[in-house]
Amino acid sequence: MIRMFKPYISEKAAPALAEILKTDWIGQGPAVNRVEKKFEKMFGLSSALTVNSCTSALHLALVLSNVGDGDEVIAAPLTCSATNIPILHQKAKPVFADIQKDSLNIDPRSIKEKLTPRTKAILIVHWGGEPCDMDGILKIAEEKGIPVIEDAAHALGAKYKNRYIGTISDFTCFSFQAIKQITSVDGGMLVCKDHDAYKRGKLLRWYGIDRTFKGDIYWKFKVKEAGFKYHMNDVTATMLSVQLDDLAAVNARRREIVERYRESLSNVPGLTLLRGKKEQESGNWLFTILVERRDDFIKMMKDNDIETHMVHIRCDVYPIFGGKRLQLPVMNEVEANYISIPLHAGLTDEDVDKVIKTIRKGW
Ligand SMILES: Cc1ncc(COP(=O)(O)O)c(C=O)c1O
C-alpha cells in the first residue's frame with residue numbers, strides 16, 4: 001500500500017535522544033532555549049515559543065489576543081477540529097467564512113462579510129501548506145484593528161511573497177506532530193510579533209510562573225495570571241533540533257513530488273488541480289485535488305493499493321460547532337470533490353510513477 005503519510009525521522013534522532021536521556025535535565029531547559037534560537041535564525045524571526053503542540057499554540061494565541069466570553073473569531077471551516085476547538089475553550093464563537101475554490105483557503109471577501117462589532121480575531125489556516133491571501137487578510141485585520149492568527153500546521157517552510165510564514169502576522173502556530181513535514185513526535189511553536197505578547201506567552205505556557213526568576217520563591221514571586229502546562233521539554237527539543245536540520249531536504253523532496261504531480265495530472269478529465277501560485281511557495285504538506293465521483297476515485301485508488309484521504313472535514317458540521325451545514329457556497333460546492341493523494345518524503349520515484357499512472361489510466 002502506498003500510504004498518504006509517513007513520519008520523517010532523521011538518522012541523527014536516536015543517537016541525539018540517547019545522549020539527552022543520559023543527562024540530568026530532561027524537562028524544559030537549555031535544549032528548549034537552543035531550539036527556539038535555532039528556529040528564529042532559520043526563518044529570520046524573533047519571539048518563538050516552543051510548546052507541546054500546535055493546539056496549545058493556537059490556544060495561547062487566542063488568550064494573548066484577549067479573546068474571551070461572547071467574542072467572535074472569524075474561522076476557516078475546512079481544517080482540523082484542533083484549529084477551532086481552542087476558540088470554544090475561550091467561550092468565544094467561531095464564525096465560519098467561506099473558502100476559495102482554487103486553494104481551499106479562507107476567502108478575504110467572505111471574512112469581510114462576517115465581521116461584527118464582536119469580532120476579536122481572524123484565525124486562518126494554510127490548507128495543505130499553500131499560503132492564504134495574506135495581503136487581503138491583513139488589510140481587513142488592520143482596518144478593523146484586530147489580530148490575525150495563522151494556523152501554519154501544514155506550512156512549515158512555506159513562503160508568501162518571499163517571506164517565510166511565521167514572519168507575517170501577529171501570531172503563527174506550527175505543529176511538529178507525527179506526520180507533519182518534520183516531527184518532534186509531538187510539539188508546536190508559537191511565533192509572536194509583539195514582544196510583550198511573547199513575554200506574556202512565555203509565562204502562560206508554564207502555569208504563569210516566571211522560570212527565570214531568581215530569589216525567594218515563597219515571598220517575592222507572584223503568579224499574576226493562571227497559565228497552562230503547555231511547554232516543551234528538553235527531550236522533545238532535542239528531537240526537534242535534529243529534525244530541523246533536515247527540513248530543507250524534506251521540503252525539497254516534497255516539492256519535487258508535487259512538481260511531478262502537477263506536470264502529469266494537469267490535463268486529466270474530471271480532475272482539477274488547486275492553483276499553486278507562482279509567487280508563493282507551499283509547505284507541500286498535502287496534494288489536494290478536486291475530482292468528480294469521489295467515492296469511485298477512492299475505490300479505484302484503493303484497488304490499486306494507493307491510499308487517499310480527505311484528511312479534514314468541514315468543522316461547521318461537528319455538533320460542538322453547531323452541527324449545521326452553513327450557507328458557505330464554495331465550501332458546499334467542493335465538499336463532495338476534494339481528496340488528497342499520497343505526499344511524503346518517503347515516497348520513491350516508483351511510488352510517484354505508480355500514483356500518476358494509476359490516475360491517468362484509471363480516471
Ligand atoms: C490544520 C491543523 N491545525 C492544528 C493541528 C493540531 O496540531 P497538533 O497535533 O500539533 O496540536 C493539526 C493537526 O493535524 C492541523 O492539521
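Amide H to amide H, which residues 5 or more places from I149 or on other chains are under 5 Å from it, using H placed in the peptide plane?
I122, L123, I124
Could you list T116, T50 so that the one with the fewest beta carbons within 10 Å of its beta carbon is first and the one with the most is last?
Fewest to most other Cβ atoms nearby, the residues stand as T116, T50.
Which of the aspartates and glutamates could a cross-linker bridge to K22, judged by Cα under 18 Å and excluding same-chain residues fewer than eight apart?
Within the straight-line cut-off, K22 pairs with D234.
Under 13 Å from the Cβ of S10, count the other residues' Cβ atoms, weight Lys and Arg +1, Asp and Glu -1, and hand me the total. Intermediate results must be reported in sequence, preceding the final value.
Working: positive: K12; negative: E11, D245, D246.
That sum, taken over residues with Cβ under 13 Å, equals -2.
Treating the beta-carbon of each Lys and Arg as +1 and of each Asp and Glu as -1, no other charges, what is the dipole magnitude of the range 139-236 about its Cα centre, to the nearest 20 debye? Mind showing how you got there, number by number?
Numbers: 17 positive and 12 negative charges, 40 e Å.
Dipole about the Cα centre, nearest 20: 200 debye.
What is the Å³ per residue value for the convex hull set by the Cα atoms of the range 122-168?
It is 62 Å³ per residue.
Given the peptides 76-89, 169-182, arrange them by the average over their residues of other C-beta atoms within 10 Å, most packed first.
169-182, 76-89
Taking the Kirkwood radius as the inverse of the mean 1/r across Cα pairs, report the Rg/Rh of the chain.
Reported Rg/Rh, Kirkwood definition of Rh: 0.98.
Mind checking the angle between helix 13-22 and the chain's longest principal axis? C-alpha axes, 0 to 90 degrees, to the nearest 10.
20 degrees
Please list, in order along the range 239-253, the HN-Hα scalar couplings obtained from phi with the Karplus expression 6.51 cos²θ - 1.76 cosθ + 1.60 (θ = phi - 60°), rounded to whole Hz, x for Gly and Pro.
Karplus-based 3J(HN,Hα) across the range 239-253 equals 4, 4, 4, 5, 5, 4, 4, 9, 4, 4, 5, 4, 5, 5, 5 Hz.
In what sequence, highest mean first, do 161-167, 64-70, 261-267 appear when ranked by Cβ atoms within 10 angstrom?
By packing density, highest mean first, the sequence is 161-167, 64-70, 261-267.
From the backbone phi of the range 265-280, what are the Karplus-calculated ³J(HN,Hα) couplings (6.51 cos²θ - 1.76 cosθ + 1.60, θ = phi - 60°) in whole Hz, Gly and Pro given as x?
Along the range 265-280, the couplings run 10, 6, 10, 8, x, x, 9, 10, 8, 6, 6, x, 5, 5, 7, 9 Hz.
To the nearest 0.05, how large is the calculated FRET efficiency for E350 and Q327 if R₀ is 45 Å and r is the Cβ-Cβ distance?
0.50
What residues qualify as long-range amide H neighbours of E72, i.e. H under 5 Å apart, gap of 5 or more or another chain, H built at 1.01 Å from N?
Close amide H contacts, sequence-distant or interchain: K93, T119, K120.
I'd like the orientation of helix 195-204 relative to the chain: the angle between its Cα long axis and the longest Cα principal axis, in ° from 0 to 90, rounded to 10.
Between the helix axis and the principal axis of the chain, the angle is about 80 degrees.
Given bins 10 angstrom wide, list per bin the percent of all Cα-Cα distances in the range 3-73, short to long.
The distribution over the range 3-73 is 14, 31, 34, 16, 5, given as percents.
On a C-alpha basis, how far is the centre of the range 156-181 from the centre of the range 256-329 in Å? Whole number, if you could?
Taking the Cα centre of the range 256-329 as reference, the centre of the range 156-181 is 21 Å away.
What is the sum of charges, Lys and Arg at +1 and Asp and Glu at -1, for the other residues whose Cβ falls under 13 Å from the Cβ of H312?
For residues surrounding H312, the net value is -2.
Between D69 and K357, what is 0.36 nm times their sequence separation minus the Cα-Cα distance? Round to one decimal in nm.
Taking D69 through K357 to full extension adds about 98.4 nm, to one decimal.
Which angle from 0 to 90°, rounded to the nearest 10, does the C-alpha axis of helix 30-43 make with the longest principal axis of the chain?
Roughly 50 degrees between the two axes.
Excluding same-chain pairs closer than 8 in sequence, count the lysine pairs in the range 251-362 whose Cα atoms lie under 28 Å apart.
Lysine pairs meeting both conditions in the range 251-362 amount to 11.
Coordinate-derived values only; no laboratory data. Predicted, not measured: the structure shown is a model, and the values here were computed from it. Quick reminder, even Gly has a Cβ in these numbers, built from the backbone with ideal geometry, and neighbours come from all protein chains shown.
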